[in-house]
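Here the structure is laid out as structure tokens; the discussion comes afterwards.
The values are calculated or read from the model by the stated rules, or taken from the named source; none is laboratory data. Predicted, not measured: the structure shown is a model, and the values here were computed from it. Here the Cβ positions follow ideal geometry from the backbone for every residue, glycine too, while neighbour counts run over all protein chains shown. In case anyone asks, the SASA skips ligands and DNA or RNA and just uses the protein heavy atoms, side chains included. Shrake-Rupley method; radii C 1.70, N 1.55, O 1.52, S 1.80 Å.
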Amino acid sequence: MSSRLEEINAALKRANEELEALSSIDSLTGLANRRMFDKQLQDEWWRAVRERNCLALVMADVDFFKSYNDTYGHPRGDECLKKVAEVLRGAARRAGDLAARFGGEEFVLLLANTPPAGAKKVAARVLSEVEALCIAHPGSCVSRYVTLSVGVAVVTPDQGDSPTRIGCGCGRCALPGQNQRAQPHGSGRTKLKPTRRGGDVHADRRTSRFSAVALVMKVGRAWT
């Protein structure tokens with residue numbers, strides 16, 4: 001009887017662990033979902049506070065994705081998102097890094113202990129690798145292929161800071177539908193452009209709560 005109960009308890013434990021894992025995964029792309037991202041952002045944020053390290057976010061939107069769905073239909077749109085997700089997955093290479101689907105056509109990379117130069121390299125590599133997929137996108141106003149708009153924020157947080165600040169700064173750099181971040185700079189080029197916007201991560205100077213905000217920037221795709 002005791003042995004049977006132990007087997008049942010072990011089976012229940014495994015089932016609960018599997019359910020917990022499934023609740024943290026985006027069903028379409030297999031990346032972490034928003035729930036998992038929020039949890040790991042909290043964990044890595046406080047780790048960065050303790051260890052006085054940088055923490056970077058790279059937020060990416062698929063440009064003109066509604067137009068892509070209108071042209072090809074939602075099943076093709078889902079396949080496009082899966083391919084983009086694989087690029088993001090490949091960019092999260094270290095312990096503490098996380099690639100997640102933020103919602104819809106939005107993705108985010110959490111990069112632990114990553115300075116501005118490293119975050120820029122990761123963002124540029126993601127942009128290049130997505131473009132190299134050569135996913136045809138006749139509805140795009142910036143390229144013949146699927147491209148991304150990417151925002152990057154890097155901070156060294158202090159005790160008392162909120163993780164939501166870095167998310168707000170990064171997201172405002174990469175909001176879809178306003179500018180799409182594309183500039184005509186010639187074929188195959190990537191432009192990294194610093195931005196200063198009120199309310200972004202580095203705009204909280206009056207409280208002096210961010211001891212060292214390294215970078216808030218926009219990353220725009222070039223015309224092809």
Exercise. Answer yes or no as to whether V146 is closer than 12 Å to L31 by Cβ, touching a residue at least 60 places away in the same chain (Cβ under 8 Å), open to solvent by less than 30 Å² (accessible area, probe 1.4 Å) and hydrophobic (A, V, I, L, M, F, W, C).
Key: no
Exercise. Go over the candidates A85, A56, A99 one by one and state the one that is part of a helix (DSSP H, G or I), closer than 28 Å to P163 by Cα and hydrophobic (A, V, I, L, M, F, W, C).
Key: A85
Practice problem: Could you please tell me which pairs satisfy a Cβ distance under 8 Å, a separation of 6+ or placement on different chains, a first residue in region 42-55 that is under 12 Å from V155 (Cβ atoms), and a second residue that is part of a helix (DSSP H, G or I) and open to solvent by less than 30 Å² (accessible area, probe 1.4 Å)? | Solution: W45/P163; W45/I166; C54/A48; L55/E44; L55/W45; L55/A48; L55/I166
Practice problem: Determine which single condition M36 fails, assuming it passes every other condition in (1) open to solvent by less than 30 Å² (accessible area, probe 1.4 Å); (2) out of contact with any Cys (no Cβ under 9 Å at 6 or more places or on another chain); (3) in contact (Cβ under 8 Å) with a residue 60 or more places away in the chain. | Solution: (1)
Exercise. Output the residues belonging to region 87-96 that are touching an Asp or Glu at 6+ places or on another chain (Cβ under 9 Å) and crowded, with 17+ Cβ neighbours inside 10 Å.
Key: V87, A91, G96
